[in-house]
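**Q** One structure, as structure tokens, below. Some questions next.
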Amino acid sequence: MPHPRILVIKLGALGDFLMSLGAMQAIRRHHPDAELVLLTREPYRELGRSTGLFAEVWADPAPRWNPLAWLRWRARLRGAGFIRVYDLQTSDRSAGYFRLFGRARVPEWSGKVEGASHRHVYPGGHRMHSIDRQRAQLEIAGIASVPLPDMAFLDGEIAGFGLPQHFALLIPGSSPERPEKRWPAGRYGVLAAQLAARGIAPVVIGGGGEAGIAAAIRAAAPSALDLTGRTDLGQVAALARRAAVAVGNDTGPTHLAALAGCPTVALFSAASDAAKTAPRGAVVRELQAGSLDDLPVEPVAAAALAIVRD
């Protein structure tokens with residue numbers, strides 16, 4: 001007898017995807033014999049595969065205004081034999097995919113779209129954290145326990161980085177399109193110098209495009225180790241498990257550091273709502289200012305030093 005097929009939708013940005021991993025793992029536990037399929041964006045296909053939760057990982061085709069593409073996508077959805085869909089994205093796009101099935105053929109559906117069999121209704125102006133919202137959504141679908149994700153599946157080799165014994169992760173980047181989410185590089189440099197003076201070596205991580213930020217930090221703290229452009233997600237998780245503390249902007253690697261168990265200080269401007277999107281983990285502190293240009297070093301350093309681990 002074939003296994004029941006279930007679709008999980010999470011398109012996300014990286015931080016959003018990471019915060020949905022606990023829900024994905026809970027769905028896997030609730031449906032131990034099911035064949036789970038993940039629908040996500042192309043950049044997260046490999047991450048989805050690495051979880052070990054899914055038989056297949058599909059890239060969202062985003063048909064937009066191409067009628068033939070919509071027809072092909074509708075045929076694929078309808079022909080896949082899904083008995084249930086967990087819409088963890090709950091966006092206009094995923095609601096459109098619900099409608100593609102048609103009333104007579106739509107499977108059981110967990111999400112907020114009108115007509116869903118397991119509908120979770122929440123107001124548009126809500127301030128519920130994404131993880132709490134997904135817990136409430138899955139409870140309606142019969143899944144009562146949704147702990148924070150087990151990140152053990154994500155690991156990497158870091159022996160070649162020449163890491164000091166006691167170090168802090170600095171995560172000064174963010175999406176290039178969102179510069180308002182970045183605390184000034186010069187202040188990261190001052191923070192790095194203060195940490196180094198206390199025997200906590202600064203280690204800067206980020207994409208290759210953040211090399212200039214790392215250089216500015218090293219100008220203020222020459223002992224800082226620059227790993228920008230040199231780490232994948234598994235290595236970031238491994239670094240976070242060893243680091244004494246992490247300080248970062250509202251960006252995916254900051255979420256990853258917190259979920260991997262690193263004490264984390266997350267910095268927010270008015271561009272983000274910390275109540276809805278702050279990292280979750282064992283020890284997390286959030287600091288928010290209308291503009292991160294107005295956030296001085298002193299409270300950030302105090303927050304980091306207050307949670308640093310041996």
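Here, each number is a calculation from the coordinates, and none is a lab measurement. These numbers were taken from a predicted model, which means no experiment stands behind them. Here the Cβ is made from the backbone with ideal geometry for all residues, glycine too, and neighbour counts use every protein chain on show.
**Q** At most 12 other Cβ atoms within 10 Å plus a DSSP loop assignment makes a site exposed; report the longest stretch of the chain without any exposed GluC sites (Glu not before Pro). Before the final figure, lay out each step's value.
**A** Values: sites that count: 114, 157, 177.
In short, 178-310.
**Q** Further question: Would you give the gap between the C-alpha center of the range 122-180 and the C-alpha center of the range 105-120, rounded to a whole Å?
**A** Taking the Cα centre of the range 105-120 as reference, the centre of the range 122-180 is 26 Å away.
**Q** On to the next question. With axes computed from alpha carbons, what is the tilt in degrees of helix 92-101 against the longest principal axis of the chain, rounded to the nearest 10 within 0 to 90?
**A** 20
**Q** Quote to one decimal, in nm, the extra length available between residue 215 and residue 59 on full extension: 0.36 nm per residue of separation minus the C-alpha distance between them. List each step's numbers first, then the result.
**A** Numbers: separation 156, 0.36 × 156 = 56.16 nm, distance 3.58 nm.
Full extension from residue 215 to residue 59 adds 52.6 nm.
**Q** Another one. Once label points are set 7 Å from the Cα along Cα→Cβ at both residue 91 and residue 180, what is their separation, rounded to one decimal in nm?
**A** 1.9
**Q** Count the net charge of all other residues whose Cβ sits under 10 Å from the Cβ of residue 88, scoring Lys and Arg as +1 and Asp and Glu as -1. The partial results should precede the final answer.
**A** Details: positive: 10, 133; negative: 16, 87.
Net local charge, residue 88 excluded: 0.
**Q** Here's a follow-up. Name the aspartates and glutamates eligible as straight-distance cross-link partners of residue 276: C-alpha to C-alpha under 14 Å, and not fewer than 8 places from it in the same chain.
**A** Cross-link targets: 16, 132, 250, 286.
**Q** Taking K and R as +1 and D and E as -1, what net charge do the other residues with C-beta under 13 Å from the C-beta of residue 11 add up to?
**A** Taking every Cβ under 13 Å from that of residue 11, the sum is -1.
**Q** Angle, helix 21-30 long axis vs. longest principal axis of the chain, Cα atoms, 0 to 90°, nearest 10?
**A** 40
**Q** May I pose another question? Using only the C-alpha atoms of the chain, find the volume of their convex hull and express it per residue in Å³. Show your work: numbers first, answer last.
**A** Working: hull volume 42.9 nm³, N = 310.
Here the figure is 138 Å³ per residue.
**Q** Then there is this: For labels at residue 309 and residue 126 in the simple 7 Å Cα→Cβ model, what's the distance in nm?
**A** In this crude label model, residue 309 to residue 126 measures out at 3.1 nm.
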